[in-house]
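**Q** If you scroll down you'll find the structure; I have some questions about it.
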Amino acid sequence: MKILYAGSEVLPFSSSGGLADVMGSLPAALKKRHPDDDVAVISPLYSSIRTEYREKMTRVCEFSVRLSWRNQYCGIYSYILNGVTYYFVDNEYYFRRSSLYGDFDDGERFAYFSASVLAFMSQINYYPDILHCNDWQTALAVIYLKTRYCNSEFYRDIKAVFSIHNILFQGQYDHAIAGDVFDLEPSWASIVDHDGCINLMKGAVVCADQVVTVSERYAEEIKTPEYGHGLDPAIRMYSCKLSGILNGIDYEYYDPKTDNALTRNYTYRSTGRKGENKRALQKQLALPESEDIPMISLISRLTDQKGIDLVASKVDELLLDDVQFIVLGCGDWHYENFFRDLEARHRDKVRSMIMYDKTLSKKIYASSDLFLMPSRFEPCGLSQMIASRYGAVPIVRETGGLYDSIKPYRFVDGKQVGNGFTFAACNGNDMLFVIRQALGLYRDKEAFKALTVKVMKHDFSWNTSAEKYYQLYNAILPERP
Ligand code: GLC
């Protein structure tokens, strides 16, 4: 089988969020389980990609890509890592920018990228069996495949899978630019039309052979107006081709046994050593040094999606207890300011680091006893899995992938059940209630240690999920002789 993943970010080359983690780990996990299959990934060659990687890339070819009246240069580079071939689309006009997204011409930039994905296949005579596109930025690749290319003998057998990592971002534009920017013909208008404008995600849902989202629960949620962000009628209409597969995390990259970001490495057999990491972090952050004070952390984009308003409404009450509260992340300015101010008001208990820092995040996961993730909605969520891997017990709201991955702690018939603390309603009091429940268990050293070990042993690797993708690909391909 030949599988090509297309996405707008991929670790370790480029990243702004969870999509990059998935693009950087699912293909490799699949290749590891099926070494005879051909697995490749294609993404833009952003100027932010480090020279360390650029220097090792091989130039494959160059050609020009047509996008409506434009003829744009396209260079293709490749890099092989863990058996997976990573292709990069080079065009400095589109990808030499200070950040991955947020420019006025994002629509044109990713239309160009999507057009390049299809054009490059004929240039190197490489036609995958499966083209797996991710989020609105590559939605047009699915649309072009099933419209412009549908009668080409080389392209017509390619099956398209489209993944929704977050339905909040749909790629919505005015119909006026359909031809000029997106190179869409008038007869295809109904494919992309939604609520009177162009909706690229909707177009990909219509065209794809299979639509996948990143947890089973989220696949159900996006059929409802509450979670569908306006796209729920289209999701319901095409629900026969929709499924949910929970993401995994890269168990080699996130491994407390070998991670050199940590002060002291450990496994579930030596959770006591988490205390050394905690002391080192307390020292680094000039907080009172004690292994006995429960440390709660929040590592997140500071936006409404992440339920930061619930935290803001209750954190002062929480800080009446003897706890330390660590925040790492950036986002909406009013939340950033809120946490800066919180630290100023509670200098002996709170540290707010308004930034994105991978190394520091791993130190925090390793040092924390509890990890808070009260998301309003969460397609999958990876932080609760990373926290579990590092033995920080997750406290989550029961939504999307959080619901699927974290089951509530209970003590039944002398046995611990569940792998975290959960609450259902989007309500600050309910959140505070379960945080206090967790803090109660923390005071029972033996019981909390047993739960920490159980949480660390929970399998969030790609093993099961990569196989589910493999089965899904097989199911849509024609039987082979
Ligand atoms: C998006 C979602 C997140 C998910 C990630 C990877 O960032 O918001 O929940 O884990 O994509 O699929």
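The values are calculated or read from the model by the stated rules, or taken from the named source; none is laboratory data. None of the values given here were measured: they were computed from a predicted structure. Note that each Cβ is placed from the backbone with ideal geometry, even for glycine, and that neighbours are counted across all protein chains shown.
**Q** Any idea which residue in region 34-44 is farthest from residue 98 (Cα to Cα), counting only those that are of a type in the set (A, V, I, L, M, F, W, C) and crowded, with 24+ Cβ neighbours inside 10 Å? First the steps, then the outcome.
**A** The initial filter retains those residues of region 34-44 that are of a type in the set (A, V, I, L, M, F, W, C), namely 39-42.
With the extra rule that they be crowded, with 24+ Cβ neighbours inside 10 Å, the set shrinks to 39, 41-42.
On the way: 39: 30, 41: 23, 42: 21 Å.
If we take residues in region 34-44 being of a type in the set (A, V, I, L, M, F, W, C) and crowded, with 24+ Cβ neighbours inside 10 Å, then 39 is farthest from residue 98 (Cα to Cα).
**Q** Quick one: in region 217-266, which of the residues that are among the aromatic types (Phe, Trp, Tyr) and farther than 18 Å from residue 380 by Cα is nearest to the ligand (Cβ to nearest atom)?
**A** Among residues in region 217-266 that are among the aromatic types (Phe, Trp, Tyr) and farther than 18 Å from residue 380 by Cα, the one nearest to the ligand (Cβ to nearest atom) is 253.
**Q** Under the condition of being touching a Lys or Arg at 6+ places or on another chain (Cβ under 8 Å) and within 25 Å of residue 129 (Cβ to Cβ), which residue from region 14-39 is nearest to the ligand (Cβ to nearest atom)? Can you show your working first?
**A** Keep residues of region 14-39 that are touching a Lys or Arg at 6+ places or on another chain (Cβ under 8 Å), which gives 17, 37-39.
Remaining after also requiring within 25 Å of residue 129 (Cβ to Cβ): 37-39.
Values: 37: 22, 38: 24, 39: 18 Å.
In this case the residue turns out to be 39.
**Q** Output the number of residues of region 305-331 satisfying the condition of being surrounded by fewer than 14 Cβ atoms within 10 Å (Cβ to Cβ) and either within 28 Å of the chain's Cα centre (by Cα) or among the small types (Gly, Ala, Ser) (or both).
**A** Number of matching residues: 0.
For every residue, the table says whether it meets (1) outside the structural domain of residue 26 (by TED's automatic domain parsing); (2) surrounded by fewer than 17 Cβ atoms within 10 Å (Cβ to Cβ); (3) in contact with a Pro (Cβ under 8 Å, 6 or more places away or on another chain); (4) touching a residue at least 12 places away in the same chain (Cβ under 8 Å).
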site	(1), (2), (3), (4)
203	no, no, no, yes
209	no, no, no, yes
215	no, no, yes, yes
221	no, no, no, yes
226	no, yes, no, no
230	no, yes, no, yes
241	no, yes, no, yes
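**Q** Please go through region 186-214 and give me each residue that is farther than 16 Å from residue 161 by Cβ and either within 14 Å of the ligand (Cβ to nearest atom) or outside any helix (DSSP H, G or I) (or both), ordered by number.
**A** If the condition is that a residue be farther than 16 Å from residue 161 by Cβ and either within 14 Å of the ligand (Cβ to nearest atom) or outside any helix (DSSP H, G or I) (or both), then 193, 194, 195, 196, 197, 198, 199 are the ones that fit.
**Q** Search region 15-39 for residues that are at pLDDT 95 or above and pair each with any residue that is outside any helix (DSSP H, G or I) and within 9 Å of the ligand (Cβ to nearest atom) when their beta-carbon atoms are under 6 Å apart and the residues are at least 6 apart or on different chains.
**A** Cβ pairs passing all conditions: 19/165; 21/382; 22/247.
**Q** When you go through 31, 56 one by one, which is the residue that is of a type in the set (Lys, Arg) and buried (at least 19 other Cβ atoms within 10 Å of the Cβ)? Steps first, answer last, please.
**A** On the way: 56 fails: buried (at least 19 other Cβ atoms within 10 Å of the Cβ).
Selected residue: 31, the only one of 31, 56 that is of a type in the set (Lys, Arg) and buried (at least 19 other Cβ atoms within 10 Å of the Cβ).
**Q** For region 270-282, does any single residue satisfy the condition of being touching a residue at least 24 places away in the same chain (Cβ under 8 Å) and within 22 Å of the chain's Cα centre (by Cα)?
**A** no
**Q** Can you name the residue in region 94-105 that is in contact (Cβ under 8 Å) with a residue 24 or more places away in the chain and under 16 Å from residue 67 (Cβ atoms) and, of all such residues, is nearest to the chain's Cα centre (by Cα)?
**A** 95
**Q** Moving to a separate point now. Just to be sure I understand the filter: pairs with C-beta atoms under 7 Å, separated by 6 or more residues or on different chains, first member in region 303-316 and under 12 Å from residue 373 (Cα atoms), second member of a type outside the set (Phe, Trp, Tyr) and in a helix (DSSP H, G or I). Which pairs pass?
**A** From region 303-316, the pairs are 310/428; 310/431.
**Q** Report, by residue number, each residue of region 71-85 that is of a type in the set (Gly, Ala, Ser) and over 19 Å from residue 28 (Cβ atoms). Full working, then the answer.
**A** Of all residues in region 71-85, those of a type in the set (Gly, Ala, Ser) come to 75, 78, 83.
Answer for region 71-85, where residues must be of a type in the set (Gly, Ala, Ser) and over 19 Å from residue 28 (Cβ atoms): just 75.
**Q** Right, next: Hey, which of the strands (runs of 3 or more DSSP E) in region 351-431, taking only ones fully inside, have at least 1 residues that are crowded, with 22+ Cβ neighbours inside 10 Å and not acidic (Asp, Glu)? Break it down stepwise before answering.
**A** Numbers: elements: 370-373, 393-397, 410-412, 415-417, 421-423.
Fully inside region 351-431 and qualifying: 370-373, 393-397, 421-423.
**Q** Assuming residue 5 fulfils every condition listed in (1) more than 16 Å from the ligand (Cβ to nearest atom); (2) part of a strand (DSSP E or B) apart from one, which condition is it?
**A** Result: residue 5 fails condition (1) only.
**Q** Now for a separate question. For region 454-481, what are the residues that are in contact with a helix residue (DSSP H, G or I) (Cβ under 7 Å, 6 or more places away or on another chain), surrounded by 15 or more Cβ atoms within 10 Å (Cβ to Cβ) and assigned to a helix (DSSP H, G or I)?
**A** 455, 456, 466, 467, 469, 470
**Q** So, one more: Only residues that are part of a helix (DSSP H, G or I) and touching a residue at least 40 places away in the same chain (Cβ under 8 Å): list them for region 40-54, please. Steps first, please.
**A** Step one: filter region 40-54 for residues part of a helix (DSSP H, G or I), giving 51-54.
Within region 40-54, just 53 meets the criteria.
**Q** Still on this structure: Could you check region 151-171 and list, in sequence order, the residues that are within 14 Å of the ligand (Cβ to nearest atom) and either without any contact (Cβ under 8 Å) to a residue 40 or more places away in the chain or part of a loop (DSSP other than H, G, I, E, B) (or both)?
**A** 165, 166, 167, 168, 169, 170
**Q** For the subset of region 349-390 comprising residues that are among the acidic types (Asp, Glu) and under 20 Å from residue 335 (Cβ atoms), which member is farthest from the ligand (Cβ to nearest atom)?
**A** First, the residues of region 349-390 that are among the acidic types (Asp, Glu): 357, 369, 378.
With the extra rule that they be under 20 Å from residue 335 (Cβ atoms), the set shrinks to 357, 378.
Numbers: 357: 18, 378: 5 Å.
This residue is 357.
**Q** Considering region 86-106 alone, what residues qualify as being assigned to a loop (DSSP other than H, G, I, E, B) and out of contact with any strand residue (DSSP E or B) (no Cβ under 7 Å at 6 or more places or on another chain)?
**A** The first filter runs over region 86-106 and keeps only residues assigned to a loop (DSSP other than H, G, I, E, B), leaving 91, 96-105.
Matches in region 86-106: 96, 97, 98, 99, 100, 101, 102, 103, 104, 105.
**Q** From (1) under 23 Å from residue 131 (Cα atoms); (2) surrounded by fewer than 14 Cβ atoms within 10 Å (Cβ to Cβ); (3) not charged (D, E, K, R), pick out the condition that doesn't hold for residue 71.
**A** (1)
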